[in-house]
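Trainee: Dropping a structure here in structure tokens format, bear with me for questions.
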Amino acid sequence: LTSIAGIAGGIGFAGLIKGAIDAEAQFRRLSFTLRAVGGADAQAKIGEIRKSLQDMAAKTGHSVEELTGALQSMIQKTGNIDEARGMLQAVADTATVTGTPLQILTDIVDGISSGFGLTGQKGAEALAKITGLTQTSDVTMGEFASRLELVGATASKAGLEGEEGFNKTIGMMVRSKDALGQMRKGMSAMMVLLDELATKAGREKAFVSLGI
């Protein structure tokens, strides 16, 4: 039994060492992104950002490595360090409350950012709306994560951008779900509709008919 316990302890210790090495490697990648985006100002913040990620990990239960990777992804999408840090807090809190993997939520906010240009507080509010939708529909967070960037790109072509565009797109999803009985079908139908809305007059007519 003693030998088994020793082996188990050794494996556990090795796991801790590997986790620390992986976290350090991830932070080095983040540091490179910080310098590339923010220059000397970001360089001066690296120590403070590392500490904030460690504190966030302790409070939310997510690993430093996961949080660091999520922050790097958001900074690359938004090009804004402070806004990405604000969204990371919303992502970490949502992951803790809903049990959704951090990577899925990171993909969602990346889609919100690249598809609709919403970052910072606006991006966090958009994430909250999507979280609410998944609780009353058949579409999972994972499905939103895989589709949202494409939805945003299609909506943008139809003239739906920014906060107003996001809200109208969500409104179209809800109306389509009500009409077809499933959010999943509603999303597909909405994509077809957006592709067909080539003119401003066509968009306005559709919005009036949908009540959005």
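The values are calculated or read from the model by the stated rules, or taken from the named source; none is laboratory data. Only a predicted model underlies this, so the values are computations on that prediction, with no experimental measurement involved. Every residue, glycine as well, gets a Cβ built from its backbone with ideal geometry; the counts of neighbours run over all protein chains shown. Please note that ligands, DNA and RNA were not included when accessible areas were found on the heavy atoms of the full protein model with its side chains. Shrake-Rupley method; radii C 1.70, N 1.55, O 1.52, S 1.80 Å.
Trainee: Could you list all residues from the range 87-101 that are open to solvent by 10 Å² or more (accessible area, probe 1.4 Å) and assigned to a helix (DSSP H, G or I)?
Mentor: We begin by selecting, within the range 87-101, every residue open to solvent by 10 Å² or more (accessible area, probe 1.4 Å); these are 89-90, 93-94, 96-101.
Listed by number, the residues that qualify are 89, 90, 93, 94, 96, 97, 98.
Trainee: Given the options 45, 51, name the one that is without any contact (Cβ under 8 Å) to a residue 12 or more places away in the chain, at negative phi and surrounded by fewer than 20 Cβ atoms within 10 Å (Cβ to Cβ).
Mentor: Answer to the selection: 51.
Trainee: Considering every residue within the range 21-28, establish whether at least one is aliphatic (A, V, I, L, M) and either within 18 Å of residue 86 (Cα to Cα) or at pLDDT 85 or above (or both).
Mentor: Initial filter on the range 21-28 (aliphatic (A, V, I, L, M)): 21, 23, 25.
Right, trim to either within 18 Å of residue 86 (Cα to Cα) or at pLDDT 85 or above (or both) and you get none.
Within the range 21-28, not a single residue is aliphatic (A, V, I, L, M) and either within 18 Å of residue 86 (Cα to Cα) or at pLDDT 85 or above (or both).
Trainee: Ok, one more. Does residue 164 meet the test of being open to solvent by 70 Å² or more (accessible area, probe 1.4 Å), at pLDDT below 85 and acidic (Asp, Glu)? Let's see the steps before the verdict.
Mentor: Details: open to solvent by 70 Å² or more (accessible area, probe 1.4 Å): yes; at pLDDT below 85: no; acidic (Asp, Glu): yes.
It is false that residue 164 is open to solvent by 70 Å² or more (accessible area, probe 1.4 Å), at pLDDT below 85 and acidic (Asp, Glu).
Trainee: Follow-up question, since we're still on this one. Quick one: count up the residues across the range 112-144 that are outside any helix (DSSP H, G or I), more than 21 Å from residue 85 (Cβ to Cβ) and not aliphatic (A, V, I, L, M). Spell out the reasoning first.
Mentor: Within the range 112-144, the first condition is being outside any helix (DSSP H, G or I), and the residues that meet it are 117-119, 135-140.
Those still in the list that are more than 21 Å from residue 85 (Cβ to Cβ) too: 135-140.
With not aliphatic (A, V, I, L, M) added as a condition, the list becomes 135-138, 140.
The total comes to 5.
Trainee: Restricting to the range 168-186, name every residue that is assigned to a helix (DSSP H, G or I), in contact (Cβ under 8 Å) with a residue 24 or more places away in the chain and open to solvent by 50 Å² or more (accessible area, probe 1.4 Å).
Mentor: Of everything in the range 168-186, those that are assigned to a helix (DSSP H, G or I), in contact (Cβ under 8 Å) with a residue 24 or more places away in the chain and open to solvent by 50 Å² or more (accessible area, probe 1.4 Å) turn out to be 175, 184.
Trainee: Could we say that residue 86 is over 10 Å from the mean Cα position of the chain (by Cα) and touching a residue at least 24 places away in the same chain (Cβ under 8 Å) here? Give the steps one after another, and end with the answer.
Mentor: Working: over 10 Å from the mean Cα position of the chain (by Cα): yes; touching a residue at least 24 places away in the same chain (Cβ under 8 Å): yes.
The answer is yes for residue 86.
Trainee: Suppose we filter 64, 109 for residues that are among the hydrophobic types (A, V, I, L, M, F, W, C) and open to solvent by 10 Å² or more (accessible area, probe 1.4 Å); which single one remains? It would help to see each step written out before you state the result.
Mentor: Numbers: 109 fails: open to solvent by 10 Å² or more (accessible area, probe 1.4 Å).
On inspection, the qualifying residue turns out to be 64.
Trainee: Just a yes or no: is a residue in the range 94-103 at pLDDT 90 or above and in contact with a Lys or Arg (Cβ under 7 Å, 6 or more places away or on another chain)?
Mentor: No, that holds for no residue.
Trainee: Report whether or not residue 31 is among the polar types (S, T, N, Q), at pLDDT below 85 and surrounded by 12 or more Cβ atoms within 10 Å (Cβ to Cβ). Show your work before the answer.
Mentor: Values: among the polar types (S, T, N, Q): yes; at pLDDT below 85: yes; surrounded by 12 or more Cβ atoms within 10 Å (Cβ to Cβ): yes.
When the stated conditions are applied, residue 31 passes them.
Trainee: Further question: Scanning the range 187-204 for residues that are modelled with pLDDT under 60 and in a helix (DSSP H, G or I), which turns out most open to solvent (accessible area, probe 1.4 Å)? Reasoning before the result, please.
Mentor: Of the residues in the range 187-204, the ones modelled with pLDDT under 60 are 198-203.
Those still in the list that are in a helix (DSSP H, G or I) too: 200-203.
Working: 200: 132, 201: 71, 202: 26, 203: 48 Å².
That would be 200.
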